[in-house]
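Where a number appears in this text, it was derived from the coordinates with a stated rule and is not lab data. Everything numeric here is computed off the predicted structure, so don't read it as measured data. Every residue, glycine as well, gets a Cβ built from its backbone with ideal geometry; the counts of neighbours run over all protein chains shown.
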Amino acid sequence: MSFKPTVIVIGGSFAGIGVAKALLAELPSAKVLLINPSEKVFFNIAAPRIFAKPTVFKPSQYLFDIKAAFRGYRSEAFEIVKDYASAIDTSAKTATTQGGAILHYDQLVIASGTTTASATGTDSTIVPFKTTNTGDIEDLIQPAQEAIANAKSILVIGGGPVGVEFAGELGERAGLRVTLVTQSDRLLLSLKASASKAARALLEKNEVKVRTNCKVVHSTQDPETKVWTATLDSGDTITADLCISTTGVLPNNSFIPTNILSKDGWVKVDATFKVMSEGDAAVTSVYAVGDITIHTPRLASVIPEQIPIVIANIKADITGRGARPTYKPKTSLTMMVPIGKSGGTGQIFSWVPWSWLVAKTKGKDFFISMAAGILGTK
Ligand SMILES: Cc1cc2nc3c(=O)[nH]c(=O)nc-3n(C[C@H](O)[C@H](O)[C@H](O)COP(=O)(O)OP(=O)(O)OC[C@H]3O[C@@H](n4cnc5c(N)ncnc54)[C@H](O)[C@@H]3O)c2cc1C
């Protein structure tokens, strides 16, 4: 009987779905198990508008059935395990789930991505900008939309792309007081200074109050009045109906052995995406891809470049033949940051695009019309 390798993919989003589909196409003899806590995948690129303007898009435009990506594959070839990986053992070659299943793999791909402080409600109103670690994402979106729709004042913490896009969308709602605070001296720190200036001007045009050099030390919600108070490092406080953190992303790594994590908690990989242990020794048959790895920038747009490299290397492991391509993270930057429906900024290589161009491209619908194609669930 011919060898039928089992490949387990942990995480069913941009990276995990893409890898699982490519594995099935490239390795017809393999059995692929995709472990993900939800049967739905969230097109979170449009999250700033989805949460700020809940009636603009329908849930069917941003929540997709993961199964749809695998139509036509029989259960001998592909299965979704709706569960949460709680441990992996790279010596025994097993992944254990919260539900108690112990699954054997021949090859493992970690694609567990990231979460945000707001998704977990850490010092923040719960707003699932990313799929959370447990439960169904769709149950979490609607309460966040309702809370935002009912608020009269919102404090947005973080002046990166998500904070700026979100404040831009909120700023278009009449009567809502929006404050955006950032600890740095300008918005969009990773972009050119002229983009920061443009972002600030567009936000202020819509009466969003922008405060730079303002670090929030902690924020708490009064259990009775439900009012949030954010305490700044200066000792000042800001109160608002909601306090929503948009600062950075956190690795979904609770199930990952520490010997394969960097000191910041990202999975160490080499240029083939093979996972590395202490002393840079490769861990046999374990790969990682997408946001969870040490590679930056952590963007959905770079994942399609990573997937073929992982697949070719897994194929070479299994068949003992074929090229082993390597990955070079991009050093140039392309980013569009819509600010409301009619403006925005960003950077394309070293050029800061015109506001109208950002509005006409990403600002039109946050790429939601292409979501199923991007996620591979079409
Ligand atoms: C609001 C927002 C807007 C963004 N906009 C853009 C943009 O415009 N352009 C762009 O290129 N990028 C954007 N990004 C970044 C983009 O979302 C990420 O790069 C992308 O989601 C990474 O995909 P991933 O598959 O690696 O991980 P994720 O999308 O984080 O998915 C990880 C998956 O793994 C699952 N998982 C986690 N732990 C476990 C476990 N233990 N067991 C099983 N499953 C698990 C999660 O539930 C999730 O389904 C944005 C990010 C945010 C937060």
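A few comments on the model shown:
- Relative contact order %, region 185-270, counting alpha carbon pairs below 8 Å whose residues are six or more apart: 14
- Hz values of 3J(HN,Hα) by residue in region 151-158 - Karplus curve (6.51, -1.76, 1.60), Gly and Pro given as x: 6, 9, 9, 9, 9, 9, 9, x
- Rounded to the nearest Hz, the phi-derived 3J(HN,Hα) couplings of region 292-298 under the Karplus curve 6.51 cos²θ - 1.76 cosθ + 1.60 (θ = phi - 60°) are 5, 7, 5, 6, 10, x, 8, where x marks glycine and proline.
- Long-range amide H partners of residue 283 with built H, under 5 Å: 275, 276, 277
- Spatially proximal lysines relative to residue 152 (Cα-Cα < 25 Å; intrachain offsets below 8 disregarded): 53, 58, 130, 205, 209, 215, 226, 341
- Helix 161-170 and the longest principal axis of the C-alpha atoms of the chain enclose an angle of approximately 50°.
- Shown here: region 1-133, whose C-alpha atoms stretch 56, 32, 20 Å along the first, second and third principal axes, sorted largest to smallest.
- Projected label distance in nm at residue 87 and residue 280, using a 7 Å step from Cα toward the beta-carbon: 3.2
- Note: relative contact order over region 246-378, using C-alpha pairs below 8 Å and six or more positions apart, is 13 percent.
- Phi to ³J(HN,Hα) by Karplus 6.51 cos²θ - 1.76 cosθ + 1.60 over region 239-250, Hz, x for Gly, Pro: 10, 7, 5, 9, 10, 10, 7, 10, 8, x, 10, 10
- Comparing 56, 269, 109 in a Gaussian network model of the chain (Cα springs below 10 Å), the most mobile by mean-square fluctuation is 56.
- Of the trypsin sites (Lys or Arg not before Pro) found in region 107-183, those that fall in a DSSP loop while having at most 12 other beta-carbon atoms within 10 Å are 152.
- Paramagnetic reach from residue 25 (point 7 Å along Cα→Cβ, amide N under 20 Å) across region 284-315: 288-291, 300-315
- For region 1-46, chymotrypsin sites (Phe, Trp or Tyr not before Pro) meeting the loop criterion (DSSP other than H, G, I, E, B) and having at most 13 other Cβ atoms within 10 Å: 3.
- The amide H of residue 9, built 1.01 Å from its N in the peptide plane, has 33, 34, 35, 109 as neighbours under 5 Å, considering only residues 5 or more places off or on other chains.
- Value of relative contact order over the chain, rounded to a whole percent, pairs C-alpha under 8 Å and six or more apart: 19
- Nearest-0.05 FRET efficiency for residue 370 and residue 122, computed from C-beta distance (R0 30 Å): 0.40
- If you plug the beta carbon distance of residue 233 and residue 259 into 1/(1 + (r/R0)^6) with R0 = 25 Å, you get a FRET efficiency near 0.10.
- Solvent-free Debye calculation, one equal scatterer per alpha-carbon of region 65-171: log10 I(q)/I(0) at 0.17 Å⁻¹ equals -0.95.
- Of 325, 161, 37, the one that fluctuates the most in a GNM where the chain has Cα springs shorter than 10 Å: 325
- Its residues counted as N, the chain yields a C-alpha radius of gyration over 2.2 N^0.38 Å of 1.02.
- If the segment from residue 173 to residue 73 were pulled out straight at 0.36 nm per residue, it would be longer than the present Cα-Cα gap by 31.5 nm.
- Taking the alpha carbon gyration tensor of region 114-155, multiplying each eigenvalue by 5 and rooting it gives semi-axes of 18, 13, 6 Å, largest first.
- Stokes-Einstein, applied to the Kirkwood radius of region 129-252 over Cα pairs at a viscosity of 0.890 mPa s and 25 °C, places its translational diffusion at 161 µm² s⁻¹.
- Amide H contacts of residue 334: 349, each under 5 Å away and 5 or more positions distant or on a separate chain (H built 1.01 Å from N in the peptide plane; Pro and chain starts excluded).
- Result for the chain in a Gaussian network model with C-alpha springs under 10 Å: among 193, 92, 312, the largest mean-square fluctuation is at 92.
- C-alpha long axis of helix 303-319 to longest principal axis of the chain, angle in °: 10
- Rounded FRET efficiency, nearest 0.05, which uses the C-beta distance separating residue 342 from residue 153 and R0 of 30 Å: 0.80
- With contributions of -39500 (n - 2.57) from each DSSP H run of at least four residues, the per-residue ellipticity at 222 nm computed over the chain stands at -7000 deg cm²/dmol.
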